[in-house]
1. Would you confirm whether or not the range 228-248 contains a residue that is without any contact (Cβ under 8 Å) to a residue 60 or more places away in the chain and either charged (D, E, K, R) or within 17 Å of Asp136 (Cα to Cα) (or both)?
2. For the range 24-49, which residues satisfy the criterion of being assigned to a loop (DSSP other than H, G, I, E, B), in contact (Cβ under 8 Å) with a residue 24 or more places away in the chain and closer than 21 Å to Ala299 by Cβ?
3. Looking at the range 252-289, which of the residues that are in contact with a strand residue (DSSP E or B) (Cβ under 6 Å, 6 or more places away or on another chain) and of a type in the set (S, T, N, Q) is nearest to Thr234 (Cα to Cα)?
4. Can you say whether Thr92 is among the polar types (S, T, N, Q) and more than 23 Å from the chain's Cα centre (by Cα), as far as the supplied structure shows?
5. Restricting to helices (runs of 4 or more DSSP H) lying wholly in the range 88-202: which have 2 or more residues that are in the same structural domain as Ser332 (by TED's automatic domain parsing)?
6. With Ala237, Ala233, Ala217, Ala278 as the choices, which residue is under 19 Å from Ala135 (Cα atoms) and of a type in the set (A, V, I, L, M)?
7. Pairs needed: first member in the range 1-15, under 24 Å from Gly306 (Cα atoms); second member anywhere, of a type in the set (Gly, Ala, Ser) and in a strand (DSSP E or B); C-beta distance under 7 Å; at least 6 residues apart or different chains.
8. Could you list, in sequence order, the residues of the range 155-169 that are among the charged types (D, E, K, R) and surrounded by 14 or more Cβ atoms within 10 Å (Cβ to Cβ)?
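The values are calculated or read from the model by the stated rules, or taken from the named source; none is laboratory data. Not measured: the values here are computed from a predicted model. When we count neighbours, we look across all protein chains shown, and the Cβ atoms used for this are built from the backbone with ideal geometry, even at glycine.
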Amino acid sequence: MAKTRLAIIGLGMAAAPHAKSLADLSDRVEVAAAFSPTPARRKAFAETYGFPTCDDAETIFNDASIDAVLLLTPPNTHLELVRRAALAGKHTLLEKPLETSFERAESLVAAAERAKVKLGIVLQHRFRPTSLALADIMRQGRLGTLVSASARLHNWRPQSYYDQPGRGTKARDGGGVLLTQAIHTLDLLISLAGLPVETIAYCTTSPIHKMETEDLAMGAIRFENGAIGSISATTCAYPGQPDAIDIIGTMGMARLDGTRLSVQFHDGSEFSAADEAAGGGAGADPMAFPHNHHRAAIADFLEAIGQHRHPLVTGREALKVHRLIEAILRSSDTGQRQPV
């Protein structure tokens, strides 16, 4: 498979695991350019990773030899940049979330689909070996009919995290813990159990943080077959705990808890798997995790280009978790059950 020429736009906090992954995948991808509007970031990135940089995003969009772009910019910039990439005929791998609202996210996905370019979304929890193992068990129907599916994300972020300009605001980030942190765990839940049809929820800003959006969300969800579950998401849980998903079926129960998957079946058999790379990032340093799963997500995107198929997590697929988050926030605002 020929190397994909790829450019990076956005060299902030999220760039490190992607850059390390691209270095690992150098037999499949060539980093043609990396851009940040901040000269100091461009300089530091080039010195750290050895990738070429440029001082204008238009240089990337106008270079016909560049096949794809990796967008690592703040959420409120995504729609414009994906539209620009689509017009230039470039495939796009986009850091979550899609955008700051469901409407803007829909417009973003539509722009890529109209241009017939591939749009992959970095929701890397799906690429954990434990996640893939549970997904296989679910596909085989080994847990039986769904009875309950729940997700927990209990992170810790100090106030200094939210003191950064734009962090946790509606204008730049689109929301708080749900759209920025819990989106990974909720997306994984949906990929395993399906999209709930209804939710009733409460969201609030706790006394622990001074910020515009929610740092604590609790809700109940109902699935089409009548199965129910719960969602708990916060950045108030000092010092941070591993995320967890529980799935109960008529033939067994599965728990994804941090680095481990444990499944017990009614016939007495069991299954377990471990992934030591899955446990980081829950505490004060949100980037304290290995880059294994980012590497797998980028590898899948490159293979999708080479094999003329869709990435595992397309823009259309990622809209599902945005629908759930919008419904949770709407329920909290109205005090009523809301359809997803």
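1. There is no residue in the range 228-248 that is without any contact (Cβ under 8 Å) to a residue 60 or more places away in the chain and either charged (D, E, K, R) or within 17 Å of Asp136 (Cα to Cα) (or both).
2. Leu25, Asp27, Arg28
3. Thr259
4. Working: among the polar types (S, T, N, Q): yes; more than 23 Å from the chain's Cα centre (by Cα): no.
No: the conditions fail for Thr92.
5. 129-139, 159-162, 183-193
6. Details: Ala237 fails: under 19 Å from Ala135 (Cα atoms); Ala233 fails: under 19 Å from Ala135 (Cα atoms); Ala217 fails: under 19 Å from Ala135 (Cα atoms).
Matching residue, one of Ala237, Ala233, Ala217, Ala278: Ala278.
7. What qualifies is Thr4/Ala68; Arg5/Ala32; Leu6/Ala32; Leu6/Ala68; Ala7/Ala32; Ala7/Ala33; Ala7/Ala34; Ile8/Ala34.
8. Those that are among the charged types (D, E, K, R) and surrounded by 14 or more Cβ atoms within 10 Å (Cβ to Cβ): Arg157, Arg167.
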